[in-house]
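The values are calculated or read from the model by the stated rules, or taken from the named source; none is laboratory data. In this text the structure is predicted, and so the values were computed from the model without any measurement. When we count neighbours, we look across all protein chains shown, and the Cβ atoms used for this are built from the backbone with ideal geometry, even at glycine.
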Amino acid sequence: MRRKPWLKGKIALITGAASGIGECTAKLFAEHGAKIVIADVQDQLGHTVCDAIGSSNSKYVHCDITNEEDIKNVVDTTVATYGKLDIMFCNAGIVDPNKARIMDVEKADFQRVLNVNVLGVFLSMKHAARVMVPARAGSIISTASLASSIGGAASHAYCSSKHAVAGLTKNLALELGQFGIRVNCLSPYAMVTPLASSFFRLDDEALENLMSSRANLKGVTLKTDDVANTALFLASDEARYISGQNLHIDGGLGVVNPSFGLFKYPNN
């Protein structure tokens with residue numbers, strides 16, 4: 001039976017928390033006793049999430065994660081407001097336009113994805129480490145993707161960026177382990193979020209139907225709640241000896257080669 005609350009007394013900073021996975025995780029962390037700092041560029045949505053959580057347990061800070069001064073400010077504001085930083089969830093990310101041919105990909109679009117998904121995660125990790133190392137404690141989690149370990153699951157820019165997040169996770173886990181700081185990342189399959197909907201240009205129902213048709217695990221549809229629950233586990237003391245891991249939330253899809261056609265039961 002789950003012991004509640006898992007994050008009592010913890011302070012969590014979540015980037016990209018105004019919508020999607022970040023919003024869902026912010027609300028779940030708050031339910032488990034954490035105080036939340038929401039960092040995003042979507043000011044109206046960010047304040048709405050704070051209102052839902054409650055102003056006594058949350059704070060919104062405008063933050064462009066590609067701007068180091070913004071990252072430094074949100075980390076310093078977290079420590080100034082709540083006295084410490086226990087959990088850094090580097091969740092903010094973007095996609096580029098869906099183009100099938102590399103010849104059609106614009107340099108500016110490729111660079112923009114890497115700026116947010118790689119540089120932004122690097123800066124978030126850097127400044128979390130800056131305050132966690134003296135405290136000799138903390139948990140840093142990043143949102144990667146199924147595209148962090150296989151090809152053909154996303155655009156060239158997005159695939160490259162999420163491979164980089166997985167690599168940063170391993171390197172930083174090795175560096176910060178000596179200070180008792182754990183570093184992990186999450187690699188979910190596609191689900192309904194504003195990011196996925198914009199990439200596939202589908203409404204929620206059509207997107208879920210498409211993803212379910214291509215999924216390995218049948219009978220269940222991936223939701224943002226599933227990713228938030230996994231982040232909760234990794235952020236909590238229940239995962240106190242887990243570090244350097246890229247935890248896939250993909251129903252086994254990442255280990256499947258469907259072209260072989262093995263283990264396929266007859267339709268009847």
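General remarks:
- Listed by position, the helices (runs of 4 or more DSSP H) enclosed by the stretch 187-264 that each have at least 2 residues that are in contact with a Phe, Trp or Tyr (Cβ under 8 Å, 6 or more places away or on another chain) and closer than 26 Å to residue 167 by Cα are 224-235.
- Beta carbons closer than 7 Å, at least 6 apart along the sequence or on distinct chains, pair a first residue in the stretch 241-268 that is closer than 21 Å to residue 146 by Cα with a second that is of a type in the set (D, E, K, R) and part of a helix (DSSP H, G or I) for 244/170; 249/226.
- Residue 90 vs. criteria touching a strand residue (DSSP E or B) at 6+ places or on another chain (Cβ under 9 Å), over 29 Å from residue 173 (Cβ atoms) and buried (at least 16 other Cβ atoms within 10 Å of the Cβ): no
- Those residues of the stretch 1-38 which are in a loop (DSSP other than H, G, I, E, B) and of a type outside the set (Gly, Ala, Ser), in sequence order: 1, 2, 3, 4, 5, 6, 7, 8, 10, 32
- Check on residue 10, of a type in the set (D, E, K, R), more than 20 Å from residue 230 (Cα to Cα) and touching a residue at least 60 places away in the same chain (Cβ under 8 Å): no
- Residues of the stretch 13-37 that are surrounded by fewer than 24 Cβ atoms within 10 Å (Cβ to Cβ), on the phi > 0 side of the Ramachandran plot and touching a residue at least 40 places away in the same chain (Cβ under 8 Å): 20 alone.
- Candidates 261, 219, 244, 252, filtered to the one that is surrounded by 10 or more Cβ atoms within 10 Å (Cβ to Cβ) and either closer than 22 Å to residue 196 by Cβ or modelled with pLDDT under 95 (or both): 252
- Hits in the stretch 65-117 (condition: among the hydrophobic types (A, V, I, L, M, F, W, C) and touching a Lys or Arg at 6+ places or on another chain (Cβ under 9 Å)): 71, 75, 87, 94, 105
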